[in-house]
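Below is one structure, written out as C-alpha cells, with a few remarks after it.
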Amino acid sequence: MSQGSLAQFAQALASGEIRIVDLTQPLNSSTATIQLPPEFGKTWPFRLEEISKYDSRGPAWYWNNFACGEHTGTHFDAPIHWVSGKDYPKNATDDIPVGKFVAPACVIDVSQEATKDADFLLTIERVKRWEQEYGRIDAGSWVLMRTDWSKRESAEFLNMKEDGAHVPGPHPELVPFLAKERDVIGWGSEGVGTDAGQAFRFDPPFPCHSIMHGHNKFGLASLCNLDQLPPKGTLLITPPLKITKGSGSPCRVLALVQA
Ligand code: MN
C-alpha cells in the first residue's frame, strides 16, 4: 500500500514536486457581483455580520454570519442553473457525482488579446491553434480562458458601460464545439460570469450558460492566478457547497501543478 499511487501523490505534495495554486478570489463586501437589467431578480452581495469576537457575546469564540448569492465571487455553475440543463438527473450542487469535482484543465492564454480588446472572443480557430502547440483538449477536461481580467479593480473588472458589460469570453460557435467535439467537463473564466459581457446579444444569448449547461457541463467564474498554470497538466479540485438543489455556490478552486 505504501507504494500505491495515492502514497506517491502524498509524497509528491510533501516534497513540493506537486504544488497547489489557489484560483480563488477573496470573498468580502467588495466582491463584484453580476449586474442584470432592472426587470430581473437581484443577487445579494457578500455580507458578513459578526456574531461574537471573544467578547460579551461569546467570551472565548469568534464567528460570523454571512450572506451571498450562489453565484458570488469565485464560484461553480451547476447544469440546473440554466433552463436548458434543468432536466438532467444529478445536475445540482448536492447530487452531481463527486468524482466530477476533480478533473484536468487546459489553460488557454489570451491575456495579450484581452488586454487590447475587452470584447475579445475566443474562437474555434484560436483553440485549434492552441491544440497544434499543446495537443488536443482531452474529453473530461476543463477549458480555462486566461485573460488576466482578475487583476482588474472592481469597476474595471465588471467594465459596465451604457450598452452593457465589456468582458472577454467564448465565441458563440466555440461553446458547442467544446461541449460536443471535445466533450469538455466545463468552461472557466476570470470574468464575473462564464459568458462574455456582451453575450446577451449573442444567438443564442449567454451561450456558455445555455449550451454548456444544456449539455450537462459546468462553469467556473471569477477565477484568478491562471497565469501560474501551465497550458496542460493541471488537475483542478472544484467542489461546490452541498446546497440542496443549489444552482451553484462559492467555491475554493484549487489547482495541482507539477513544480
Ligand atoms: Mn454563475
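The values are calculated or read from the model by the stated rules, or taken from the named source; none is laboratory data. Since the structure is predicted, the reported quantities are computational estimates derived from the model, not experimental observations. Glycine gets a Cβ as well: all are built from the backbone with ideal geometry, and neighbour counts include every protein chain shown.
Tabulated results
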| read-out | value |
| --- | --- |
| Some residue of region 19-35 being exposed (fewer than 13 other Cβ atoms within 10 Å of the Cβ), farther than 30 Å from Phe157 by Cβ and small (Gly, Ala, Ser) | no |
| Odd one out for Thr244, checked against (1) assigned to a helix (DSSP H, G or I); (2) polar (S, T, N, Q); (3) more than 16 Å from the ligand (Cβ to nearest atom) | (1) |
| Qualifying residues in region 194-223 (those that are of a type in the set (Gly, Ala, Ser) and surrounded by fewer than 22 Cβ atoms within 10 Å (Cβ to Cβ)) - the one nearest to the ligand (Cβ to nearest atom) | Ser210 |
| Members of region 148-179 found to be of a type in the set (A, V, I, L, M) and either within 19 Å of Thr72 (Cβ to Cβ) or in a loop (DSSP other than H, G, I, E, B) (or both), listed by number | Ala155, Leu158, Met160, Ala165, Val167 |
| Subset of region 99-118 [in contact (Cβ under 8 Å) with a residue 60 or more places away in the chain and either more than 24 Å from Asn225 (Cβ to Cβ) or more than 17 Å from the chain's Cα centre (by Cα) (or both)] | Ala118 |
| Some residue of region 78-85 being in contact with a Phe, Trp or Tyr (Cβ under 6 Å, 6 or more places away or on another chain), within 16 Å of the ligand (Cβ to nearest atom), outside any loop (DSSP other than H, G, I, E, B) and at pLDDT 95 or above | yes |
| Test: residue in region 107-116 that is touching a helix residue (DSSP H, G or I) at 6+ places or on another chain (Cβ under 9 Å), surrounded by fewer than 16 Cβ atoms within 10 Å (Cβ to Cβ) and either in a strand (DSSP E or B) or not polar (S, T, N, Q) (or both) | yes |
| Inter-residue pairs, beta-carbon under 6 Å, first touching a residue at least 12 places away in the same chain (Cβ under 8 Å) and farther than 20 Å from Gln25 by Cβ and in region 152-176, second among the aromatic types (Phe, Trp, Tyr) and part of a loop (DSSP other than H, G, I, E, B), 6+ apart | Pro172/Phe202 |
| Selection status of Asp183, touching a residue at least 40 places away in the same chain (Cβ under 8 Å), more than 15 Å from the ligand (Cβ to nearest atom) and assigned to a helix (DSSP H, G or I) | no |
